[in-house]
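The values are calculated or read from the model by the stated rules, or taken from the named source; none is laboratory data. Computed from a predicted model, the values in this text were never measured in an experiment. Using ideal geometry, Cβ is built from the backbone for each residue, glycine included, and neighbour counts are taken over all protein chains shown. Accessible surface is based on the protein model in full, side chains and every heavy atom, while ligands, DNA and RNA are left aside. Shrake-Rupley method; radii C 1.70, N 1.55, O 1.52, S 1.80 Å.
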Amino acid sequence: MIDKQLLKAGAPALSDEALERFDKYAEMLVSKNEQINLTAITEPDEIVRKHFLDSLALLDFVDLPEGSSLIDVGTGAGFPGLALLIARPDLKITLLDSTRKKLGVIEEILNEIGLQANLVHARAEDAGRDPDFREKYDFAVARAVANLRELTEYCVPFVKKGGSFIAMKGAGTDEELENAETAIAVLGGKVKEINKFSLDGCGERAIINIEKIIFTDAKYPRPAGQMKKRPL
Ligand code: SAM
């Protein structure tokens, strides 16, 4: 279904097995998309560029040690978390989303491609207070879920001290970062690195690495209504 050369050209480290798995993933994404709204992107080359290679760009900028644990907050149809798992099956991946149907599709895809991830149906602001998930991950990542200010409150509570929250963003990062400055500090984070780049077909992209340097105060994350009404 997909042009494997195109995918391999953008992510040369992918094994043949991974390319096969991405092919199956794309096929199921398109077919399941007819029943449930997963993505507006259904053209094979666009899936490769805007979903697969965009997700995998994280690996070019962030060192994920072997066996690291990573939670993808608001994973939707599995981006970036499921794409990262296919490229790096050694990672311990948790995919969290508030929409059960999307996780159902991910489960079917995982069965089909023979990989395992922990699937969590919850709102980020609830799971972030749950001792089973709070401060349990080396990395929390998110793409296209909320503005950085709110996203920081959703994601940093999941990260262990010494770990990182990685936000995958598009254009307008400078303003988002400025608005999120207080939230990042209050939640125990510190901006470690900002990588801006342009990706074929995706325009300007940014990967922001926020290191967690202090434990997050027990009062965060707050319920979504409060976050909206009184953003940090
Ligand atoms: N990350 C995927 C991507 O880049 O294609 C999906 C992006 S989609 C626009 C946003 C996803 O975040 C949806 O699947 C939605 O259900 C989920 N989401 C939004 N707010 C959430 C929250 N507070 N907790 C958990 N999931 C949330």
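Sort out which residues of segment 209-232 are among the polar types (S, T, N, Q) and either in a loop (DSSP other than H, G, I, E, B) or open to solvent by less than 70 Å² (accessible area, probe 1.4 Å) (or both), and write them in order of number. Give the derivation first.
Applying the first criterion (among the polar types (S, T, N, Q)) to segment 209-232 yields 209, 216, 226.
Selection gives Asn209, Thr216.
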* Find all pairs meeting these conditions: Cβ atoms under 7 angstrom apart; at least six residues apart or on different chains; first residue within segment 65-83 and more than 17 Å from Glu27 (Cα to Cα); second residue near the ligand (Cβ under 6 Å from one of its atoms) and of a type in the set (Asp, Glu). => Gly74/Asp97; Thr75/Asp97
* Going through segment 182-208 one residue at a time, which ones are open to solvent by 10 Å² or more (accessible area, probe 1.4 Å), touching a residue at least 24 places away in the same chain (Cβ under 8 Å) and farther than 22 Å from Asp63 by Cα? -> Thr182, Val186, Asp200, Gly201, Cys202, Gly203
* Asked: Restricting to segment 79-117, what's the tally of residues that are farther than 22 Å from Pro12 by Cβ and not β-branched (Val, Ile, Thr)?
  -> 18
* Asked: Can Asp90 be described as charged (D, E, K, R), in contact (Cβ under 8 Å) with a residue 24 or more places away in the chain and touching a helix residue (DSSP H, G or I) at 6+ places or on another chain (Cβ under 8 Å)?
  -> no
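Scan the strands (runs of 3 or more DSSP E) fully inside segment 59-175 and keep the ones with 2 or more residues being surrounded by fewer than 17 Cβ atoms within 10 Å (Cβ to Cβ) and either of a type in the set (Asp, Glu) or more than 14 Å from the ligand (Cβ to nearest atom) (or both).
In segment 59-175, the matching strands (runs of 3 or more DSSP E) lie at 159-169.
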* Structure fact -> Only one of (1) open to solvent by less than 20 Å² (accessible area, probe 1.4 Å); (2) in a helix (DSSP H, G or I) does not apply to Met28, and that is (1)
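Return a yes/no flag: does segment 144-160 have any residue that is more than 30 Å from Asp174 (Cα to Cα) and not β-branched (Val, Ile, Thr). Write out each step before concluding.
Residues of segment 144-160 that are more than 30 Å from Asp174 (Cα to Cα), as a first pass: none.
No, the conditions are met nowhere in segment 144-160.
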* To do: Only residues that are of a type outside the set (Lys, Arg), open to solvent by 40 Å² or more (accessible area, probe 1.4 Å) and either under 12 Å from Ala83 (Cα atoms) or in contact (Cβ under 8 Å) with a residue 24 or more places away in the chain (or both): list them for segment 31-57, please.
  => Asp45, Glu46
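With the condition kept exactly as written, say whether any residue in segment 4-18 is open to solvent by 70 Å² or more (accessible area, probe 1.4 Å) and within 14 Å of the chain's Cα centre (by Cα).
Going through segment 4-18, the residues open to solvent by 70 Å² or more (accessible area, probe 1.4 Å) turn out to be 5, 8-9, 12-13, 16-17.
Checking which are within 14 Å of the chain's Cα centre (by Cα) leaves us with none.
No: segment 4-18 contains no residue that is open to solvent by 70 Å² or more (accessible area, probe 1.4 Å) and within 14 Å of the chain's Cα centre (by Cα).
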